Every structure is written in structure tokens, then in C-alpha cells.
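K.L.:
Got a structure for you, written out below as C-alpha cells; questions coming shortly.
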Amino acid sequence: MDKCMSVSEHTGQTSGLASQALLGVVIVTYNSADVLPDLLNSLAAGLEGAGPYKVVVVDNKSSDRSVAIAQAHSIGALVIRNSSNAGYAAGINLAATTLPADANMLILNPDIRLLPGSVEKLVERATGESIGVVVPLILNADGSRANSLRREPTLSTTWWQALLGPTLASRIGLGEMITAKSAYDRGRSIDWATGAILLVAARARRRIGDWDESFFLYSEEVDYQRRVRCAELQIVFVPEAQVFHAGGDYKQSSALTSIMTSNQIRYFSRHHGTVSTAMFRGALATFGLLRAWRSGAHRAVLKVALSPLRPVRTYVYAESGK
């Protein structure tokens, strides 16, 4: 199988203290006032031992108090006010322009809360020369483990999810989400992880370049981590580092579900032919059709799967990542 499609397990550990290079802590906000204070309050303890850091908050034109909260907090963040809601990837790219090329970059959703000392463990692991991205163990708000690790999207995983439902398909190892407890018990290389918290090593930043802004929201982390793998760097899971995540609301929102589904198709079509993409769309349509009675979000999946994709600005990058 193509190295860019999946990875084999890697359990080697790195030694030595955390790098003293600057760590850029990037937070992209959009109407995040309800959750942002908890994240900002957790930063000092969470970043302890990780070396020097710079906190950058990029706000995508929130209409709430997100900017005021970030500006007033004692962590001393650089706050950049975007002139529009340009999307998650655009926010990351804007923050990256304020960081030196040799800085590792810790990307955080506003609804993350760091546990004390968690980032030091991520930075230590990122010192390995083959490492591109490091991710922690994510806990739900109630303390249960979040299933944050993923397999590369394929026709097989998508059709099994359509027919059995994502929960059952993943439970028996056929879906995109990895749910087996054993998969979260030890550090290893993975295909990709949810983008709520990612530590991107400086070597990956230099080799990969910007995030793809054409995704706007959802699938941008799948795309970026594929590019990391194609650049012959690893995405590594470190369960010793732990954080809390409040979680998103796309399952309750037809609009967000539409964006997510569109970007799933957009991502898959970039790496597969016309026939495979049509079959991928068919799987999504089947998923939506079988569950259309449940909610508007399921009906949104069906509608998007049967509709032409809206044109977007093409973001060009080298597949090799070199």
C-alpha cells in the first residue's frame, strides 16, 4: 500500500530533554467565549517544562467576547483579529507567519483544556528526526477516553460505515475511527488524529508548508497529516500526554454537516479516480438515505453526496511534501 495511505506501527522512543526552541501555541477562535477562558487558564500549567513559548490567538471575526477575553488574559497572547471568518486553516497559516521557522507549533481548539505538564511530553517526542506531528490522549469532559485516532479514509471504511453505522463499524475494526482500547494503551505511529490538538514539529512545518485553506473547516487536518506522511515523517500518538476536550456540535448542525461532507468528498477525490470517487459518494449517499428519518444532519449528508461540489480556490502543493 502507498506509504501516504497508511502507516505501520512504530514504538521507538526518543531520549533527552525537551527542545529549547520556541514553541508557538496557536488558537483559532470563532465565537469561542464560552470555552476560551478554561483553555487560557490551563496553559501555564500545561506548558510547564516545555521551554519558551509564544501564544498566538487568531480570531475569525467573532461576534462575542472572544477577542476581549484573549486580550485581557494574563498569559499575554498575541491576538490577531481577522477581517473575516476565513476558516480554521487560514487562521493557523496567519498565526504561523508570526513564528520563526525553527519553532514547533502546538495547535489547539478553543475547547481544549491542558493537563499539567502535558505539552512537555509532546515536545520531547517531537525531537525525533523522523517525527512530524505528535498527538496526546484526549479525554472527554467526563474523563472518559475520546476515540481521537483515525485510519485513512477508504472506500471500504466508508461503505462499512454507511451500512453498519460508524459506531458498529469502528467497534469491529472496519470503520475510520479507531476504538479498540489496546490502540490507546501505548505510543505508536498512526495515520491521523483529530485536529483538536496537534503538535507540529518545526521540520514538518518547513517541509510541508501552509495548511490548505480551501477546506475552510473539516478535513484540513486529514489533508495536512497525509502530506506529513508523504514527506516520510511520522504522526505519533503519546498516551502519557493527556488533555480534556469539550467536543464539537457538527452532529446537531445541518450546516456544519454539509461542510464536513463536502470536504470529505473533496479530499477523497484529490487522491482517487473518478470511479472510486463516485463509489465514495455512493457510500455517503447510502449513509444519509438510510438515516434520513433521524435528523436534518443526515439529510444534509444525502443532499451533499448527490450534488456537485461548489468550486473553491485551488490550493496547490507538492504531494511529496518536499
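No value in this document is a laboratory result; all are computed from the given coordinates. What you are looking at is a predicted structure, and each value in this text was computed from that prediction instead of being measured. As a convention, Cβ positions derive from the backbone with ideal geometry for all residues, glycine included, and neighbour counts pool all protein chains shown.
K.L.:
Can you give the log10 of the normalised intensity I(q)/I(0) at q = 0.08, 0.15, 0.16 Å⁻¹, computed with Debye over equal Cα scatterers of the stretch 23-247?
P.N.:
These q points yield log10 I(q)/I(0) values of -0.27, -0.99, -1.13.
K.L.:
Got the relative contact order for the chain handy, in percent, Cα pairs under 8 Å and 6 or more residues apart?
P.N.:
Averaging sequence separation for qualifying contacts and normalising by length gives 20 percent for the chain.
K.L.:
Same structure again: Return the sequence-ordered ³J(HN,Hα) values of the stretch 277-287 in whole Hz as given by the Karplus equation 6.51 cos²θ - 1.76 cosθ + 1.60 applied to θ = phi - 60°, using x for Gly and Pro.
P.N.:
5, 4, 5, 5, 4, x, 5, 5, 5, 4, 4
K.L.:
So, one more: Under a Cβ-only charge scheme (Lys and Arg +1, Asp and Glu -1), can you give me the dipole magnitude of the stretch 69-210 about the Cα centre, in debye to the nearest 20?
P.N.:
Numbers: 15 positive and 11 negative charges, 29 e Å.
Here the stretch 69-210 has a charge dipole of around 140 debye.
K.L.:
Output ³J(HN,Hα) for the stretch 192-197: one whole-Hz value per residue in order, computed from phi by the Karplus curve 6.51 cos²θ - 1.76 cosθ + 1.60 with θ = phi - 60°, and x for Gly and Pro.
P.N.:
6, 9, 4, x, 5, 8
K.L.:
Using modelled backbone amide H atoms (1.01 Å from N, in-plane), which distant-in-sequence or interchain residues come within less than 5 Å of Ala241's amide H?
P.N.:
The answer is Leu137.
K.L.:
With only Lys, Arg, Asp and Glu charged, each at its Cβ (+1 for the first two, -1 for the last two), find how big the charge dipole of the stretch 77-157 is about the Cα centre; round to the nearest 20 debye.
P.N.:
With only Lys, Arg, Asp and Glu charged at Cβ, the dipole is about 200 debye.
K.L.:
If you don't mind, there's one more thing I want to ask. Test of understanding: in a Gaussian network model of the chain with alpha carbons linked when under 10 Å, which of Asn82, Asn109, Asn263 would top the mean-square fluctuation ranking?
P.N.:
Of the options given, Asn82 has the highest mean-square fluctuation.
K.L.:
What is the spin-label model distance, in nm, from Glu48 to Glu232 if the labels are put 7 Å beyond Cα along the C-beta direction?
P.N.:
Simple spin-label model gives 4.1 nm for this pair.
K.L.:
Would you mind telling me the antiparallel percentage of the DSSP bridges in the stretch 23-247, rounded to 5? Display every interim value, and only then the final one.
P.N.:
Details: 16 of 41 bridges.
Once the DSSP bridges in the stretch 23-247 are tallied, antiparallel ones form about 40 percent.
K.L.:
Expressed in nm to one decimal, what extension gain is obtained for the pair Ser84 and Thr97 from 0.36 nm per residue of sequence separation less their Cα-Cα distance? Each step should come with its number before you reach the end.
P.N.:
Values: separation 13, 0.36 × 13 = 4.68 nm, distance 1.76 nm.
Extra length from Ser84 to Thr97 when fully extended: 2.9 nm.
K.L.:
What full-extension length gain, to one decimal in nm, is calculated for Asp185 and Ser269 as 0.36 nm per residue of separation minus the Cα-Cα distance?
P.N.:
Stretched fully, the Asp185-Ser269 segment lengthens by 26.9 nm.
K.L.:
Something else now. Based on the Cβ-Cβ distance from Leu309 to Asn140, what FRET efficiency comes out when R0 is 30 Å, to the nearest 0.05?
P.N.:
Rounded to the nearest 0.05, the efficiency is 0.35.
K.L.:
Please give the calculated 222 nm ellipticity per residue for the chain, where each DSSP H segment of at least 4 residues contributes -39500 (n - 2.57) and the sum is spread over every residue; nearest 500 deg cm²/dmol?
P.N.:
Working: 11 runs with 114 residues, N = 322.
The per-residue figure over the chain is -10500 deg cm²/dmol.
K.L.:
OK, next. Once phi is turned into θ = phi - 60°, what whole-Hz ³J(HN,Hα) does the Karplus curve with 6.51, -1.76 and 1.60 give for every residue of the stretch 152-165, x standing for Gly and Pro?
P.N.:
Taking θ as phi minus 60°, the curve returns 4, x, 9, 4, 4, 4, 5, 6, 4, 5, 5, 7, 9, x Hz for the stretch 152-165.
K.L.:
How large is Rg/Rh for the stretch 200-303, to two decimals, with Cα atoms and a Kirkwood Rh?
P.N.:
1.04
K.L.:
Compute the length gained on full extension between Glu129 and Leu174: take 0.36 nm times their separation in residues and subtract their Cα-Cα distance, giving the result in nm to one decimal.
P.N.:
Answer, rounded to one decimal: 13.0 nm.
K.L.:
Also, I was wondering about something else. Using amide H atoms built 1.01 Å from N in the peptide plane, name the residues 5+ places from Ala33, or on other chains, whose amide H lies under 5 Å from its own.
P.N.:
Arg65, Ser66
K.L.:
Using a Förster distance of 35 Å, how high is the FRET efficiency between Glu240 and Leu155, based on the Cβ-Cβ distance and rounded to 0.05? Show your work: numbers first, answer last.
P.N.:
Values: r = 35 Å, r/R0 = 1.00.
Calculated value: 0.50.
K.L.:
So, how do all the Cα-to-Cα distances of the stretch 14-112 break down into 10 Å bins, in percent, from 0 on up?
P.N.:
Bins of 10 Å from zero give 16, 51, 27, 6, 1 percent of pairs.
K.L.:
Under 17 Å Cα-Cα from Lys54, which aspartates and glutamates qualify once same-chain neighbours fewer than 8 residues away are excluded?
P.N.:
Cross-link targets: Asp102, Glu120.
K.L.:
Name the residues whose placed amide hydrogens come within less than 5 Å of the amide hydrogen of Leu106, ignoring near sequence neighbours (fewer than 5 apart) on the same chain.
P.N.:
Gly24, Val25, Val26, Val200
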